[in-house]
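Working notes, structure below.
The values are calculated or read from the model by the stated rules, or taken from the named source; none is laboratory data. Quick caveat, the model's predicted, so the values are computed rather than measured. With ideal geometry, Cβ positions are generated from the backbone for all residues, glycine too; neighbour counts draw on all protein chains shown. For accessibility, only protein heavy atoms count, side chains too; no ligands or nucleic acids. Shrake-Rupley method; radii C 1.70, N 1.55, O 1.52, S 1.80 Å.
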Amino acid sequence: MTTIEAIGLVRRFHRTTAVDGATLNITAGVTGLLGPNGAGKTTTLRILATVLARDSGSLRMLGRDPSNPADRLEIRRRLGYLPQDPGYQRGFTVFEFVDYIAILKEWTVRRARHDEVRRVLDMVGLSDVRDTKIRKLSGGMRRRVGLAQALIGDPELLILDEPTVGFDPQQRLRFRDMISQAGEGRTVLLSTHLTDDVAAICGRIVVITAGRTVFTGTPSEVAATAAGRVWSSADRDPAADVAWRTEDGRFRNLGTAPDGAHLLTPTLDDGYMLLVGTPGADEVAA
Amino acid sequence: MTSSEAAWHVAGPVCELYAQGALDPVIAASVEAHVAACADCREQLTPTADSTRLHAIFAEIVDRIDAPRANLVERVLQWFGVRADIARLLVITPIVRSAWLLAIAAVLLFALAAASADERAVLGFLAVAPLAPLAGVAIAYGSRTDPVHELVVAAPFDKLRLLLIRATAVLAVSVLVITPIGAFVEDRSAAAWQWLLPALALAAVTLALAERIDITVAAGAVGATWLAIVVGMRVNHTAAAMFGGLAQIIFAIVAVCAGLAAFVGRDRFNYSGGIWK
């Protein structure tokens, strides 16, 4: 079943168009929104999180339209959202902060709410620091506090904007484990600019650049878009879109075949680079 | 005393009644004292225990130990009949904390000025005291002053209700702080209450406007208009006339009308600057 169906989303800020006709079709499971910085990922997610209004385009989430107040309320009841910068109240303890958001999420009964706060803190591994003030936490731990509040009430739809920022490698692995569990039977949409994260946990990828969605598919389908365009050669190919020296001392070139080169199997990175980094990428169809 | 030396053991049916929590408290206490020392009876008791009930009891214990303590303000609010979750929301809403401080600081400054007690000081107090709660209301909602505004917006809690809760808290604290100070304004102890209706009127007009425009802009405009009127009228009116009986009736009418306008337009509190509420 489709959780999010967006067609031609547009959102402008003064003169800049942050989202310029993005089209998304998000189903259950983990979907990664992948794109360079400034591609419009955050604006897209803020529209989907019922924070920003769209200027034009059609949008249905969980079968409802967020421009309608009653629908918006219903979406918010079934949504967990981690903003790019949640802006914590630093003087709060971890427990107080999550408890505060739980009240705003209509958890009115104290006992049930406290049990829920404990459950989500346990999920993100912060039970031990629940009485610590947020200002004393590291960046990665703060990010987990943000994640904990998004998980309150076990929402059907989780929207996470750059959830792994500030995580060390170990935290990143734990996060992957948690998200792949959370993605069973619910919809998770997360944004990142790290192809590693996407390859590890996302069943589907939406590539976005300059406010447009340029490709939607599985990680291997993204990789396959670079088939026939990744070459290994002894020297840097000046005509290549991108080229870098790899472990074996040879150059990996993306683009047209240089002289004496042989074809390589493309990776997700190759596909992504060619989708976002080359002119005319808009025309690549899903 | 080891289990083999025990003079008696808990009988099977008693065990079951104990596990269900159906035993007379005196006998239950005796069973507990015995079971704590007797391994045999503990073993006998274990399979009869209802694990759901045990989990519930344990959760209760954890909650007692672990829950953040309700602070004094929260307990007082609950004593006055405020729902527990709303009381919690009030005391942990940092914006209200800072709004309170702001209101208090502004008023204390003017109390100092009013201490000289001539007509101008009284007028100054009455002109500025209503602005303190207004400032509190202005910062009660919005991305400029709430560090977690983005999360607040995406949460289902009704935003107008949240704004009203915070505004009410600010007004209540202002009354508690400003009224006693006003009572000390020499020769004009009426100043202790004469600022109240103007404060209410300004806050109500701001709330009504906030349904259409940004609340800080609304509060700024209302505050500026208020000061302009007071300064303008001061040329040929005394403080007694400007805040006397007739004026108080006008303030009340403005407050009621603005309150009604805010109520009627409540569904408009919905959207501003491209951001949903």
Assuming A:Val51 fulfils every condition listed in (1) facing another protein chain (nearest Cβ under 8 Å); (2) closer than 28 Å to A:Asp197 by Cα; (3) of a type outside the set (D, E, K, R); (4) open to solvent by 60 Å² or more (accessible area, probe 1.4 Å) apart from one, which condition is it? (4)
Can you go through B:Val235, B:Val230 and tell me which one is touching a residue at least 60 places away in the same chain (Cβ under 8 Å) and among the hydrophobic types (A, V, I, L, M, F, W, C)? B:Val230
Please determine, by comparing only the residues of segment B:58-81 that are under 12 Å from A:His114 (Cα atoms) and surrounded by 10 or more Cβ atoms within 10 Å (Cβ to Cβ), which one is nearest to the chain's Cα centre (by Cα). B:Pro68
Pick from segment A:206-223 the residues that are in contact with a helix residue (DSSP H, G or I) (Cβ under 7 Å, 6 or more places away or on another chain) and hydrophobic (A, V, I, L, M, F, W, C): which of them is surrounded by the most Cβ atoms within 10 Å (Cβ to Cβ)? A:Val222
What pairs come up if the first residue lies in segment B:153-167 and is over 23 Å from A:Pro83 (Cα atoms), the second is open to solvent by less than 10 Å² (accessible area, probe 1.4 Å), and their beta carbons are under 6 Å apart, counting only those six or more places apart or on different chains? B:Arg166/B:Val96; B:Arg166/B:Ala140; B:Ala167/B:Val137; B:Ala167/B:Ala140
Flag if A:Ile159 is under 17 Å from A:Ala39 (Cβ atoms) and in the same structural domain as A:Ala6 (by TED's automatic domain parsing): yes
Odd one out for A:Ala234, checked against (1) within 30 Å of A:Pro155 (Cα to Cα); (2) hydrophobic (A, V, I, L, M, F, W, C); (3) surrounded by fewer than 21 Cβ atoms within 10 Å (Cβ to Cβ): (1)
Residue satisfying condition, being open to solvent by 40 Å² or more (accessible area, probe 1.4 Å), touching a residue at least 12 places away in the same chain (Cβ under 8 Å), away from chain B (no Cβ under 12 Å) and touching a Ser or Thr at 6+ places or on another chain (Cβ under 8 Å), within set A:Thr17, A:Thr27: A:Thr27
Going by the conditions given, is A:Gly153 more than 8 Å from chain B (Cβ to nearest Cβ), at positive phi and under 24 Å from the mean Cα position of the chain (by Cα)? yes
Please verify whether A:Arg186 is out of contact with any Gly (no Cβ under 7 Å at 6 or more places or on another chain), under 30 Å from A:Gly277 (Cα atoms), open to solvent by 10 Å² or more (accessible area, probe 1.4 Å) and in the same structural domain as A:Leu48 (by TED's automatic domain parsing), treating the condition exactly as stated. no
Would you check which residues across segment B:147-193 are open to solvent by 50 Å² or more (accessible area, probe 1.4 Å), within 14 Å of chain A (Cβ to nearest Cβ) and modelled with pLDDT of 85 or more and list them? B:Asp158, B:Arg161
State the number of residues belonging to segment B:194-220 that are in a helix (DSSP H, G or I), open to solvent by less than 60 Å² (accessible area, probe 1.4 Å) and under 16 Å from B:Ala140 (Cα atoms). 14
Can you pull out the residues in segment A:30-47 that are within 14 Å of chain B (Cβ to nearest Cβ) and aliphatic (A, V, I, L, M)? A:Leu45, A:Ile47
Test A:Thr93 against the criterion of being β-branched (Val, Ile, Thr), closer than 16 Å to B:Arg88 by Cα and either facing chain B (nearest Cβ under 7 Å) or under 23 Å from the mean Cα position of the chain (by Cα) (or both), and give yes or no. no
Just to verify a result, which residue in segment A:96-112, among those that are in a helix (DSSP H, G or I) and free of Cβ contacts under 8 Å to residues at least 24 places away in the same chain, is farthest from the other protein chains (Cβ to nearest Cβ)? A:Ala112
Could you pull out the residue among A:Val165, A:Val198 that is crowded, with 23+ Cβ neighbours inside 10 Å, over 19 Å from A:Ala22 (Cα atoms), under 13 Å from the mean Cα position of the chain (by Cα) and at pLDDT below 90? A:Val198
